[in-house]
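Okay, structure first, notes after.
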Amino acid sequence: MGYNLAQKIIKEHLVSGEMKAGQEISIKIDQTLTQDSTGTMAYLQFEAMGIPRVRTKKSVAYIDHNTLQTGFENADDHKYIQTVASKYGVYFSRPGNGICHQVHLERFGVPGMTLLGSDSHTPTCGGLGMLAIGAGGLDVAVAMGGGPYYLTMPKVCKVELRGRLRPWVSAKDIILELLRIMTVKGGVGKIIEYGGEGVKTLTVPERATITNMGAELGATTSIFPSDEITRAFLKAQGREQDWVELLPDSDAVYDEEIVINLDELEPLAARPHSPDNVAKVSEIGKIKVDQVAIGSCTNSSYLDMMKVAKILKGRTVHPNVSLVIAPGSRQVLNMLAQNGALADMVAAGARILESACGPCIGMGQAPCTNAVSLRTFNRNFEGRSGTKSAQVYLVSPEVAAVSAITGVLTNPMEFGEAPVVDIPTEFLINDNMVIPPAPEGQEVEVVRGPNIKPFPVNVPLPERVQGKVLIKVGDNITTDHIMPSNAKLLPFRSNIPYLSQYCLTPCDEEFPNRAKENGGGFIVGGVNYGQGSSREHAALVPLYLGVKGVIAKSFARIHRANLINSGILPLTFENEEDYDNMELYDELVIENAVEQIKAGNTIVLRNITKNKDIKLNISLSERQKEMILAGGLLNYTRKQSENK
């Protein structure tokens, strides 16, 4: 019985555990990446470990999220990251060099290697044949220090791509179709591996669009083979020496298989307010459009931008539409400027933004009230754009560009001949905005601005865990709900006390005050609690507010791991009726908490207010139990070091 792609890389990097789905394993990490929204916390945590130098093959710190500098806060964070990276052996990608996932794909990704990133869209590099996983900053800090990354061995789902995409249909439509089939929770506990003859028709940037949005499936990661197409891409980037062939065995076995016939697809859109609310553009109809935003780590490659430029050339953006375009990297922007495509975009009426995340994370370009905004991004959660009443649709660059001209959502198949763009045989190489770290042993002063505050660290689990229900929320609560990430708050990612004033306020404006007044307590949630971003602020801020446990119907993978890392109990209902019966201010207590954690995966919680015992599940590995007992990963790591 042969191995599939994912199993081959895991086997090569396996440190502990057996490759059996559902069992905890640990793997060696070759590369890490951080970005500035999560990076400051990751480096503060790395410093706290006392390790003198990173121990990975390559670690890169990117500045791509908080690039608006309306005050000193973002610039201070950038300076801290640059200096701490220099001191500890991390390469530093300066502001303006591009979005971490796009730049890493272009300049640093290596087929067959493992990549751990403090951003949920790290699986973008799966388009190169990497095992690339998003995680919380503390997990990345441990990996930078040479520690293994622990995860539950996922099932592997094969997606067989058959046929070839028709003109005007794009890679974005492939992943939207898979989201329609699997939903935003359908990938939890799985790696999505792409195969079939259709793979050979897709370029690396197209593959990366698909693996990027595997995060929206809830998948651990997504991966394509490393083949001759991968080799050609790396050769064009001047990195052919990094290429290795990586294919599944002919008798590889998968836990699940899904078939997508590419030639049957047509342009799709994810309607408000979820990436899996997918329908055909032709069925949605010609709704009026107010804004079009093209870019993000999903669709900002040279190929995407050239298609957009060809559609816009000689035409004018509709007078009722605001069109903004953000090339994903300086390489892309530079090439567009050299070949005249940028001039075509500007002439058509597009506003060119910095090569950064920008509007995708709510950092500028919020739509007007009640606007319809078409975006080539990966998430359309309510309010994420910066305007709560906006209706955000996720579409391909082709649909976006055509609709920007017509002023209404338009099926580009009605628009005439589709643009044809060939991938370059040689990209423009200029890495002068990537700063290597200082030589080992050289003195480097780490600069910390006044906005950088200490992060909270939990205490060992007490015998008695007691508190009130501080909030009760529904299904699919995102990390944007838990810790809003808009243009006003992003500058304070290094300031947990300040952020705590806004925790869960999209759900209940009184939550922060209620948590403080009651000395902390419990959060009660529904299905897929914590979906979306990898930001560990969604765990660290509740920890700061005294949250002792989250009781939900189910959790998103990364957020559950972040809760454990923070020493917060991630509890699930054994009987979902108990969710229905819980109410705000119910007094809850877990007696003999330490013994219960040690004993197994069932926790008995007493609802004192209702005079009722409730059975909850916690499902922890032995290592995770030790982490919870120690009060989180940092305490656990220190304890392990002391015992060596």
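The values are calculated or read from the model by the stated rules, or taken from the named source; none is laboratory data. A quick note: this is a predicted structure, and the numbers were derived from the prediction, not measured. Backbone-built Cβ (ideal geometry, glycine too); neighbour counts: all protein chains shown.
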Of (1) within 26 Å of residue 236 (Cβ to Cβ); (2) of a type outside the set (S, T, N, Q); (3) buried (at least 24 other Cβ atoms within 10 Å of the Cβ), residue 140 fails just (1)
If only one of 347, 279, 343 is of a type in the set (Gly, Ala, Ser) and in a strand (DSSP E or B), which one is it?
-> 279
Is one or more of the residues making up region 46-53 within 21 Å of the chain's Cα centre (by Cα) and outside any helix (DSSP H, G or I)?
-> no
Yes/no for residue 56 being touching a residue at least 40 places away in the same chain (Cβ under 8 Å), more than 19 Å from residue 328 (Cα to Cα) and part of a loop (DSSP other than H, G, I, E, B) | yes
Scan 251, 290, 304, 263 and give me the residue that is modelled with pLDDT of 95 or more, surrounded by 24 or more Cβ atoms within 10 Å (Cβ to Cβ) and of a type in the set (D, E, K, R).
-> 304
Close pairs from region 625-637: first surrounded by fewer than 22 Cβ atoms within 10 Å (Cβ to Cβ), partner of a type in the set (Ser, Thr, Tyr) and not in a helix (DSSP H, G or I), Cβ under 9 Å, at least 6 apart = 631/566
Residue pairs within 8 Å by beta carbon, gap of at least six or interchain, first lying in region 1-20 and closer than 15 Å to residue 195 by Cβ, second β-branched (Val, Ile, Thr) and surrounded by fewer than 18 Cβ atoms within 10 Å (Cβ to Cβ), listed first then second, are 2/253; 4/253
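For region 526-540: of the residues being out of contact with any Phe, Trp or Tyr (no Cβ under 8 Å at 6 or more places or on another chain) and buried (at least 24 other Cβ atoms within 10 Å of the Cβ), which is farthest from residue 119 (Cα to Cα)?
So the residue we want is 539.
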Could you pull out every one of the strands (runs of 3 or more DSSP E) wholly within region 108-188 that has 1 or more residues that are touching a Cys at 6+ places or on another chain (Cβ under 9 Å)?
-> 114-117, 131-134
From the list 105, 128, pick out the single residue that is in contact with a Pro (Cβ under 7 Å, 6 or more places away or on another chain) and crowded, with 24+ Cβ neighbours inside 10 Å.
-> 128
Would you confirm whether any residue within region 179-187 is under 30 Å from residue 26 (Cα atoms), free of Cβ contacts under 8 Å to residues at least 40 places away in the same chain, crowded, with 21+ Cβ neighbours inside 10 Å and touching a strand residue (DSSP E or B) at 6+ places or on another chain (Cβ under 8 Å)?
-> yes
Where residue 89 falls short, out of the listed (1) surrounded by fewer than 17 Cβ atoms within 10 Å (Cβ to Cβ); (2) more than 21 Å from the chain's Cα centre (by Cα) = (1)
Close pairs (7 angstrom Cβ cut-off, 6 or more residues apart or separate chains): at pLDDT below 95 in region 106-126, of a type in the set (D, E, K, R) anywhere = none
Scanning region 83-98 residue by residue, the ones that are touching a helix residue (DSSP H, G or I) at 6+ places or on another chain (Cβ under 9 Å) and either among the small types (Gly, Ala, Ser) or under 13 Å from residue 208 (Cβ atoms) (or both) total 5
For residues that are assigned to a helix (DSSP H, G or I) and in contact with a Lys or Arg (Cβ under 9 Å, 6 or more places away or on another chain), scanning just region 13-43, find the one that is surrounded by the fewest Cβ atoms within 10 Å (Cβ to Cβ).
-> 13
Where residues in region 352-387 are under 22 Å from the mean Cα position of the chain (by Cα) and without any contact (Cβ under 8 Å) to a residue 60 or more places away in the chain, which of them is farthest from residue 330 (Cα to Cα)?
-> 387
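Name the residue, out of 129, 96, that is in contact with a Lys or Arg (Cβ under 7 Å, 6 or more places away or on another chain) and either of a type in the set (A, V, I, L, M, F, W, C) or farther than 18 Å from residue 447 by Cα (or both).
After applying the criteria, what remains is 96.
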Can we say residue 514 is in a loop (DSSP other than H, G, I, E, B) and either touching a Pro at 6+ places or on another chain (Cβ under 7 Å) or not small (Gly, Ala, Ser) (or both)?
-> no
Within the set of pairs 6 or more residues apart or between chains, which connect a residue that is modelled with pLDDT of 95 or more inside region 392-406 to a residue that is small (Gly, Ala, Ser) with Cβ atoms less than 6 Å apart?
-> 392/373; 392/385; 393/269; 394/270; 395/269; 396/170; 398/170
Taking region 599-644 and keeping residues part of a loop (DSSP other than H, G, I, E, B) and more than 21 Å from residue 543 (Cα to Cα) leaves 600, 601, 608, 609, 610, 611, 621, 644
Subset of region 189-241 (residues that are surrounded by fewer than 24 Cβ atoms within 10 Å (Cβ to Cβ), basic (Lys, Arg) and part of a helix (DSSP H, G or I)) = 200, 231, 235
Considering only residues of region 307-336 that are of a type in the set (Gly, Ala, Ser) and either assigned to a helix (DSSP H, G or I) or on the phi > 0 side of the Ramachandran plot (or both), which is surrounded by the most Cβ atoms within 10 Å (Cβ to Cβ)?
-> 309
Those residues of region 1-11 which are surrounded by 14 or more Cβ atoms within 10 Å (Cβ to Cβ) and either of a type outside the set (Ser, Thr, Tyr) or assigned to a helix (DSSP H, G or I) (or both) amount to 4, 5, 6, 7, 8, 9, 10
What tally of residues in region 462-490 results from selecting those that are crowded, with 22+ Cβ neighbours inside 10 Å, within 19 Å of the chain's Cα centre (by Cα) and more than 15 Å from residue 532 (Cα to Cα)?
-> 1
Can you run down the residue pairs with Cβ atoms below 7 Å, 6 or more apart or on separate chains, where the first is in region 598-614 and hydroxyl-bearing (Ser, Thr, Tyr) and the partner is modelled with pLDDT of 95 or more and surrounded by 12 or more Cβ atoms within 10 Å (Cβ to Cβ)?
-> 602/615; 602/617; 609/586; 609/587
Selection count where residues are in contact with a helix residue (DSSP H, G or I) (Cβ under 7 Å, 6 or more places away or on another chain) and closer than 18 Å to residue 555 by Cα, scope region 190-219 = 6
Only one of these conditions is not met by residue 365: (1) touching a helix residue (DSSP H, G or I) at 6+ places or on another chain (Cβ under 6 Å); (2) at negative phi. Which number is it?
-> (2)
